Structures are given as structure tokens and as C-alpha cells.
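Student: Take this structure first; my questions come after.
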């Protein structure tokens, strides 16, 4: 016979679990002891929300469900934002929460909320484990749901009395499966539409951000010579220094890439996820849009593709590449001009010496400091638009940003997880002062774990993006300004090193030293968003219109 908590942990091990991120409570003590004797490493965090962000990022980077742990009641409710983060962002994650004994009660309803029902709208699967014998099936199904396309969050509740039961059950190993491939006639119809077009264009979305799909898309672009752009969560799927890259749909409208989109008469839309803002607005009769994804298109007022290729994305892209050849009537001259104009605009902003720094100069300096395989993890703020637009990724998942839930507070926890998954790569967390302070306590976690990590805090002493929008829409400044600690001393109080540049020219050498020095470094960088209104709403529309 086996103790139920031991069986639960053995089931986690059978599905390849390496880490459990979280904060246990008294209802988890059996499970905690089982973890202590297992091969799984417990990463103790300072807040359950941060543990969820770490588990989701582990899932995002590996394709395997990251696991996080909390107790009942307030510990479980603290996972809600992380559940939404993983679910909307298509990151496989398993949340395990404790619960009071379900066969008897000595404390009434103290700390009890219906966590299973709470998690239902935020997850793909949520269950309370009511018997030890059901553990293998519940854990197997939870991992299957979390990892199958479209990935997301799942939840299991393990009550205290069930965890202590005895059982003869054994883990159910993960099974081998392959996704179905697209139907031949759909591929042929899509190939015919692309071949017939005069100005075809490739769009790469979040669903294409998989290793095999990345290879197939690179082969597709190289063989056919069709220019491409991406959504924010599709960045780096194909190397953005490629001569056919046209940019990223970071801005809502008016940027250079939108001129190319307007000129396209056929858009091959690979991996579009409706969670992201639509990168273009469809108009009837203007162009053919081909939907290539694991599932059919979710049609709405701005997205109603004429052709759908449904099946494994990598295989669909390969089939399309096999069915097509470059066509003599394809005309990409305008797309070439768009790319040249975009790169010229990026270069013109990269040397701005003003201090506090501007976001385009910040992005340029970070790009100079990071190697192609290094990872930048963004929190959420106005700077995210500039990183999405101007930071040219050389590979998938080298710029981790959230354009789904777009929550603040995830930047530092996601960087900690990225460093754990990739100890051979340098990792930089970038957060505004507002987002950083939402989970800044995880600096202690990074220091305790002995991680080499650099944190760049962009300080404008305000909730900068909303303040910028408030100003742009002619509202008076109200409710956005805040106070901050001395971030240098704050970092030092955790055992990290703190730095503060005094000019724009000091950032790059300071950043390089921090990235190359073992341990945790924090850089307090004053930033100024006041010029972004002119850049985003006057300069870029005017310059991109001139491409025509």
C-alpha cells in the first residue's frame, strides 16, 4: 500500500515534473513530506501569485505543464490571477491546492471557499480528488488537458484527509499521441489562393510559437520569399533579422507594418490567437485571409477568414511549402520599402541621449547588451510596445511578454523561472516601478536560490501607461502618481546589488557588467514617456504614410 500523497508526487514525477513552485500550508503537510523524499525540487516563493507566474513561464518555455502549490482559502485565491495568465496566454500549468478534510470537520467553514468552482471559468479542467484511488487518473487527465492544444491552466484540489489515505493504485504514465493533420483539399485551396495573389503576406501568431513550427516557417519563408510580420506573442518564431521581416504588430494602427498589411491581397495567418488584439481589421472583398491553426477560426466582426486549414500547424506549413513555388507575378517592392523605412526609423531613435531615458533608446541599449539566445522578460507597461516593435528577436521565446491577460507583476517571477529553466542563458527582467512593486518581494527568492539575474526597473513614479493615456485623451492628471523606495537600497536589503545610472550613456556599460557578474543586480533607471504621445500619434503615422 502507498500513502496517497506519495502516489500523487509519483504521478507528478511520471509526467516529468522537475519543480513545484509555491507556498505550502498545514493542509499540504503530507504532500510536502512526499515532495521532500522525491526527485522534485520545491521552489519556495514569497507569494502564491508569483509561484503561479513561475509555473506558467516554465510551461511556456518547455511545453510541459509547470506545477504550483498553495494551501486552501487565501493561498488558493492568490492563484486566480496566475490561472488567468496561463489560461489566456496558452501556457500549460497545473495548480495544486490543499483543502480541509472532506469526511469530517472540526473548524466549520473557517478558510473554506469553493476553490473548484472558483477555478472553473479560469481553467480547462478543475477537480477535487475525493479518493486516493482516483489520483492516477486525475493527474494524468490534468496534464493531458494542460498540454494539449490550445494549452492552458488546470487545477486539482487535494484534501488533507485524502492525502493521508492508503491506496494500492499506481501512476498512469503519459501516453504517446500525435495531432491530426489538415485535410488535403484545404491545403490545396490555400496554396492556390497564395499562388494566385499578387502581394501575399505571412502573419505569425502566438499559436505558431512552437519549436517544430518555427523550423517549418523558416523553411517556408526561405523557399518562397514571402515577407512576414508577427503579433507580439509570435515574436522570434522566425529570426527578425531576416531580410523578409516587416515588423511586429505592436501598435494598434498606423505603424509601418500596417501599411504593408493594407497593401496585401492575401494574408496567410499562421497561429492567430483571438486572445491577442487583432493585428488587422478585415473588410469584405479586400483580401483573402487564410486561417492556419490547430482549431477552426473564432469568427467575429474583425476576423472572418475565407479559407481554413485546420490541423497540426507545423505539418500544415510544411504541406503548403511543398505545394507552392515562387510565382513570377508576386510583387514585394512596396513591402521592401516598408521594411527599409521601419529600420531607418528604429535607427534614428536608438541614439537619443536625453535623460531620463526614452523607451526607444532603452530598447536599443538592451538589444546591444543581450546575446541572441539570452532572454528578456517583460512586465506590463508602455515600454512593452517599444520592446515588441523594436527589439528584434533571433529565436522563439527570447522576449517573454504577455499580450493576453497583460497583467502587471509577472516580469520578475517569469525571469526567475526562465533562469531556472535556462541556467546557461543570461536573463533580464524589465519592469515599470508599478509592476515591479507588485511582486518585488521575489528578489529574496532569486537571491536565496543563488540565481544570476538582472532586474531593470523603469522608474517614472507613476502608473505610466495609464497616465499617458489619461493625458492623450485630455483628462487632467489624477490618481496615477505614486512614491517609491530607494530602489538601490531596496535591492541591497535583500542581498542583491543596486545601481543607478546618471546619464543615458551610463546604462549600456552598467547593464553589461550586471549581466556578466554572478548574483542578482537591480538597475534603477529613470524613464520619460512624455514624448511617446508625439512619437506614437504624430511621427509614426506621418512617416509610415510617406512610404506610400
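Student: Mind counting the residues in segment 369-390 that are farther than 17 Å from residue 457 by Cα and under 16 Å from the mean Cα position of the chain (by Cα)?
Tutor: Selection size over segment 369-390: 3.
Student: Also, I was wondering about something else. So, of the residues in segment 307-330 that are touching a residue at least 40 places away in the same chain (Cβ under 8 Å) and exposed (fewer than 15 other Cβ atoms within 10 Å of the Cβ), which turns out to be farthest from residue 206 (Cα to Cα)?
Tutor: Applying the filter and picking the extreme gives 329.
Student: Of everything in segment 7-23 that's in contact (Cβ under 8 Å) with a residue 40 or more places away in the chain and over 26 Å from the mean Cα position of the chain (by Cα), which residue is surrounded by the most Cβ atoms within 10 Å (Cβ to Cβ)?
Tutor: Restricting to residues being in contact (Cβ under 8 Å) with a residue 40 or more places away in the chain and over 26 Å from the mean Cα position of the chain (by Cα), the top hit is 8.
Student: While we're here: Take segment 30-52 and flag every residue that is without any contact (Cβ under 8 Å) to a residue 60 or more places away in the chain and under 24 Å from residue 161 (Cβ atoms).
Tutor: Scanning segment 30-52 gives 32, 33, 34, 35, 36, 37, 38, 40, 42, 48.
Student: In addition: Out of all the residues in segment 348-361, which are surrounded by 12 or more Cβ atoms within 10 Å (Cβ to Cβ) and either in contact with a helix residue (DSSP H, G or I) (Cβ under 7 Å, 6 or more places away or on another chain) or under 21 Å from residue 542 (Cα atoms) (or both)?
Tutor: Residues satisfying the conditions are 348, 349, 350, 352, 355, 357, 358, 359, 360, 361.
Student: Scan segment 229-258 residue by residue and report those that are surrounded by fewer than 24 Cβ atoms within 10 Å (Cβ to Cβ), over 24 Å from the mean Cα position of the chain (by Cα) and more than 13 Å from residue 332 (Cα to Cα).
Tutor: Result: 254, single match.
Student: Can you work out which of the residues in segment 208-228 that are surrounded by 24 or more Cβ atoms within 10 Å (Cβ to Cβ) and within 18 Å of the chain's Cα centre (by Cα) is farthest from residue 387 (Cα to Cα)?
Tutor: It comes out as 213.
Student: Is segment 217-225 home to any residue that is in a loop (DSSP other than H, G, I, E, B) and touching a residue at least 60 places away in the same chain (Cβ under 8 Å)?
Tutor: yes
Student: Considering only segment 370-386, state which residues are under 16 Å from residue 454 (Cβ atoms) and surrounded by fewer than 22 Cβ atoms within 10 Å (Cβ to Cβ).
Tutor: Across segment 370-386, the qualifying residues are 371, 373, 374.
Student: Between 342, 324, which is at pLDDT 95 or above and closer than 24 Å to residue 185 by Cβ?
Tutor: 324
Student: Which fully enclosed helices (runs of 4 or more DSSP H) of segment 80-190 have 3 or more residues being closer than 30 Å to residue 321 by Cβ and in the same structural domain as residue 62 (by TED's automatic domain parsing)?
Tutor: Qualifying helices (runs of 4 or more DSSP H): none found.
Student: State the number of residues belonging to segment 408-429 that are farther than 15 Å from residue 46 by Cβ and not in a helix (DSSP H, G or I).
Tutor: 9
Student: Here's another thing I want to ask about it. Among 264, 186, 182, which is the only one that is touching a strand residue (DSSP E or B) at 6+ places or on another chain (Cβ under 6 Å), surrounded by 24 or more Cβ atoms within 10 Å (Cβ to Cβ) and touching a residue at least 60 places away in the same chain (Cβ under 8 Å)?
Tutor: None of the others qualify; the one that does is 264.
The values are calculated or read from the model by the stated rules, or taken from the named source; none is laboratory data. Note that the structure is predicted; figures quoted are calculated from it, not measured. Every residue, glycine as well, gets a Cβ built from its backbone with ideal geometry; the counts of neighbours run over all protein chains shown.
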